[in-house]
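Visitor: If you scroll down you'll find the structure; I have some questions about it.
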Amino acid sequence: MSLPIVSPHRCQLYYVERTDLQTWERMQLPYAPRDFQGAVGLAAYYQRTFDLKRERYDYRVTMAS
């Protein structure tokens, strides 16, 4: 597991974002930000669980600002 890099200049934390492939509406999932590998794993879990074939939703990782 990789740890987030925190410095006075930047913090590398990531969210999972869901895109509706019909309306192109994007929604940041309401979970605490996490390190990149954790966010990738969570996005993959949601994709497999809720829309394996990406017919309606796409789950991706976005960097927290």
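The values are calculated or read from the model by the stated rules, or taken from the named source; none is laboratory data. Computed from a predicted model, the values in this text were never measured in an experiment.
Visitor: Could you please find all residues in segment 12-65 being hydroxyl-bearing (Ser, Thr, Tyr), assigned to a loop (DSSP other than H, G, I, E, B) and at pLDDT 95 or above?
Guide: Within segment 12-65, THR23 is the sole residue that qualifies.
Visitor: Taking PHE36, is it within 9 Å of the chain's Cα centre (by Cα) and of a type in the set (Phe, Trp, Tyr)?
Guide: Spelling it out, PHE36 is indeed within 9 Å of the chain's Cα centre (by Cα) and of a type in the set (Phe, Trp, Tyr).
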